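Worksheet: the structure to be examined is printed underneath.
The values are calculated or read from the model by the stated rules, or taken from the named source; none is laboratory data. The structure presented is a predicted model; accordingly, all values stated were derived computationally and were not measured. Methodologically, a virtual Cβ is constructed for each residue, glycine included, from the backbone with ideal geometry; neighbour enumeration extends over all protein chains shown.
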Amino acid sequence: MKKGTIVLIVIAAVIILLGARVISSYNQLVELEQNVEGRWAQVENQLQRRADLIPNLVETVKGYASHEQQVFADVAEARSRLLAARTPEDQMEANASLDSALGRLLAISEAYPQLKADTSFIRLQDELAGTENRIATERMRFNESVQTWNTTIRRFPMNLLAGMFGKEPKRFFEASPGAQEVPQVSF
C-alpha cells in the first residue's frame with residue numbers, strides 16, 4: 001500500500017473512533033438528563049397525591065374547627081399554586097407554601113381531641129404521613145440524579161460536549177427557608 005493510503009486509513013480510523021466517543025458521550029448525557037426528568041416526574045406524582053388528599057383532610061378538620069377560616073384559605077391557596085406551577089422551581093416554591101399551610105392545619109387539629117380520635121381524620125393523617133415519606137424519598141432520588149448529572153457535565157472532557165449541546169446544571173430540590181421551624185398556631 002502506498003504511504004498516503006495508510007495515512008488516510010489511520011486518519012479515518014481516528015475520526016471514526018472520536019465520532020463514536022462523541023456519540024457515546026452524547027447518549028450518556030441524554031440518559032442522565034432523562035433520569036433527572038423522570039425523577040422529577042416522580043416528585044410531581046407524589047406532590048399531586050398529596051394535593052388530592054388535602055381537600056378531604058380540610059373538610060374533616062373544618063367540621064371541628066370551622067372558625068379557622070384563614071388556615072383553610074391558606075391551604076386552598078397553596079394547593080392551587082402547587083397545581084398551577086409548571087416549572088420545577090415554581091413547584092418547589094409552591095410546595096414550600098403548602099408545607100407551611102399544612103403544618104398550621106395539623107397544628108390546629110391538636111387542639112381538638114374529638115378530631116384527633118375521628119377515624120376519618122386518623123386515616124387521612126396516616127395517608128398524608130405516608131405521602132410525605134414518599135415525597136421525601138422521591139426528593140432524595142431526584143437530588144441524587146441531579147448530583148450525577150451536574151458532576152458528569154462538569155467533568156472534562158464531558159464539559160466540552162455538554163457546552164456544545166447547551167446542557168446546563170440542574171437545580172437541587174431544597175428545603176424551604178422555614179422548614180426547620182415548628183409552625184406556630186395561636187388561638
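When you look at GLU168, is it modelled with pLDDT under 90, charged (D, E, K, R) and within 22 Å of GLU44 (Cβ to Cβ), yes or no?
Details: modelled with pLDDT under 90: no; charged (D, E, K, R): yes; within 22 Å of GLU44 (Cβ to Cβ): yes.
Spelling it out, it is not the case that GLU168 is modelled with pLDDT under 90, charged (D, E, K, R) and within 22 Å of GLU44 (Cβ to Cβ).
Looking at the stretch 92-111, I want the residues that are under 13 Å from ASP74 (Cβ atoms) and have a partner that is of a type in the set (Lys, Arg) with Cβ atoms under 9 Å, at least 6 apart or on another chain. Which pairs are those?
ALA94/ARG79; ALA94/ARG81; SER97/ARG81; LEU98/ARG50; LEU98/ARG79; LEU98/ARG81; ALA101/ARG79; LEU102/ARG50
Would you be able to say whether some residue in the stretch 126-141 is among the acidic types (Asp, Glu), modelled with pLDDT of 85 or more, assigned to a loop (DSSP other than H, G, I, E, B) and under 20 Å from VAL36 (Cα atoms)?
Narrowing the stretch 126-141 to residues among the acidic types (Asp, Glu): 126-127, 132, 138.
Pick out the ones that are also modelled with pLDDT of 85 or more and you get 138.
Now drop any that are not assigned to a loop (DSSP other than H, G, I, E, B), which leaves none.
Taking every residue of the stretch 126-141 in turn, none turns out to be among the acidic types (Asp, Glu), modelled with pLDDT of 85 or more, assigned to a loop (DSSP other than H, G, I, E, B) and under 20 Å from VAL36 (Cα atoms).
Tell me yes or no: at least one residue of the stretch 68-85 is free of Cβ contacts under 8 Å to residues at least 12 places away in the same chain, of a type outside the set (S, T, N, Q) and either farther than 30 Å from GLU31 by Cβ or touching a Ser or Thr at 6+ places or on another chain (Cβ under 6 Å) (or both).
Filtering the stretch 68-85 down to residues free of Cβ contacts under 8 Å to residues at least 12 places away in the same chain leaves 69-70, 73, 80, 84-85.
Then drop every residue that is not of a type outside the set (S, T, N, Q), which leaves 73, 84-85.
Right, trim to either farther than 30 Å from GLU31 by Cβ or touching a Ser or Thr at 6+ places or on another chain (Cβ under 6 Å) (or both) and you get 73, 84.
So far as the stretch 68-85 goes, yes, one or more of its residues are free of Cβ contacts under 8 Å to residues at least 12 places away in the same chain, of a type outside the set (S, T, N, Q) and either farther than 30 Å from GLU31 by Cβ or touching a Ser or Thr at 6+ places or on another chain (Cβ under 6 Å) (or both).
For the stretch 27-57, which positions are surrounded by fewer than 19 Cβ atoms within 10 Å (Cβ to Cβ) and among the β-branched types (Val, Ile, Thr)?
VAL30
Within the stretch 82-141, which residues are among the β-branched types (Val, Ile, Thr), crowded, with 17+ Cβ neighbours inside 10 Å and more than 13 Å from LEU53 (Cα to Cα)?
We begin by selecting, within the stretch 82-141, every residue among the β-branched types (Val, Ile, Thr); these are 87, 108, 119, 122, 131, 135, 137.
Next cut, crowded, with 17+ Cβ neighbours inside 10 Å only: 108, 131, 135.
Correct list: ILE108, ILE135.
Among the residues of the stretch 143-174, write down those that are within 12 Å of the chain's Cα centre (by Cα), closer than 15 Å to GLU31 by Cα and part of a helix (DSSP H, G or I). Steps first, please.
If we filter the stretch 143-174 for residues that are within 12 Å of the chain's Cα centre (by Cα), which is where we start, we get 143-146, 170-174.
Still in the running and closer than 15 Å to GLU31 by Cα: 144-146, 170.
The answer is GLU144, SER145, VAL146.
Check VAL61, VAL30 and return the single one that is within 22 Å of the chain's Cα centre (by Cα) and either closer than 30 Å to ILE108 by Cβ or modelled with pLDDT of 85 or more (or both).
Numbers: VAL61 fails: within 22 Å of the chain's Cα centre (by Cα).
Exactly one residue qualifies, and that residue is VAL30.
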